[in-house]
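Below is one structure; the comments refer to it alone.
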């Protein structure tokens, strides 16, 4: 029995070594261990994988017509420098598209007319006042417009002046998982101007609403 004991011990040691070797894992496929030992799982942070440096306006507008003041909603979306700049900037230039849907007041017969227009714009603005986390832009915008109302359609041009104030945060972030560049912002705007519209719609228009900025984001 004494001669068998060393052989059994050697067999147990060999089996233990074989079992331990089976636990070895390829570091190229396993999560990297943390300093404390447990495996670390990397997760992509939530959010969009790609986003343009946009300015988005959503609001209400009004225009005089032969059937009274028409009211409706409007929206504009464009790529803007003040949304892309990683540093606070007083200059903003952008290009984008816009559109609106309005309706005239209900007449004595219970009817109203719809008005639709949209087009492209080129915009330039300057921050007339600014702080660490806020700024106020005065902006001029040139527009190319297509409009439809009272069973007619028309193509023309327009010009709009606007004032806006926004809270913003700008910066830049570069890491292996992506790139962040520009500003987030939330604010209010008012605007007024003249547009060459279809017959029956007055050239003057006015509106206001909220404005939103998004930075450039890329995450492969």
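Ranked by the mean number of other Cβ atoms within 10 Å of their residues, highest first, the peptides 179-189, 100-110 come out as 179-189, 100-110.
Of 177, 162, 90, the sequence from fewest to most neighbouring Cβ atoms within 10 angstrom is 177, 90, 162. Just so you know, the Rg over Rh for the stretch 86-157 is 1.20, from Cα atoms, with Rh as the Kirkwood radius.
Averaging over all projection directions, the Cα-based convex hull of the stretch 51-218 occupies 10.1 nm² in the image plane. Sorted ascending by nearby beta carbons within 10 Å, beginning with the fewest, 219, 85, 147, 153 become 153, 219, 85, 147. Radius of gyration (Cα atoms) of the stretch 110-200, expressed as a multiple of 2.2 N^0.38 Å: 1.53.
Values in this text are rule-based calculations from the coordinates and carry no lab data. Values in this document were obtained by computation on a predicted structure and should not be read as measured data. Glycine also receives a Cβ, built like all others from the backbone with ideal geometry; neighbour counts cover every protein chain displayed.
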